[in-house]
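> Submitted below is the structure of interest, expressed as structure tokens.
The values are calculated or read from the model by the stated rules, or taken from the named source; none is laboratory data. Note that this is a predicted model, so its numbers are computed, not measured. For the accessible areas, the whole protein counts, side chains as well, though only heavy atoms, and no ligand, DNA or RNA atoms are used. Shrake-Rupley method; radii C 1.70, N 1.55, O 1.52, S 1.80 Å.
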Amino acid sequence: MSDLTLTKIRLRHGVWEGRITGAPATGKRPEVNVTWLDQPVEQVELSEGADPSYWDLKITVPIDAISDGVQSFLIVDAETDTKLGDFTLIAGEPVSDDLLAEVQLLRAELDMLKRAFRRHCLETM
């Protein structure tokens, strides 16, 4: 379990920004790993905030990650191997087996079943 807390600030110009709190007040820099497709993301910048209670995290999205489909990034406390957060990019046409496409398909099927069930209830009353 990690004492660190990650809060998203924004995604702008290909850079995801967040704030890490909960690090020891001794000024010890937290160790953070970011992965995409189970590979480490190289352009990760962690800098001390305006006061020692937080650290600013900047993750430059790899150019290869800007492509059709759903791309998920995982942010982990390297010391405890605990997930701090994640973010997802969705671009272009989602691949048919992407989770987002599956969820949309399930929603459509659920709506269809609800209509059929209501119609059945009305007809059998």
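> What number of residues in the stretch 78-125 are hydrophobic (A, V, I, L, M, F, W, C), open to solvent by 80 Å² or more (accessible area, probe 1.4 Å) and either closer than 27 Å to ARG12 by Cα or at pLDDT below 90 (or both)?
Residues meeting the conditions: 8.
> Among the strands (runs of 3 or more DSSP E) contained in the stretch 3-77, which hold 1 or more residues that are open to solvent by less than 50 Å² (accessible area, probe 1.4 Å) and at positive phi?
69-77
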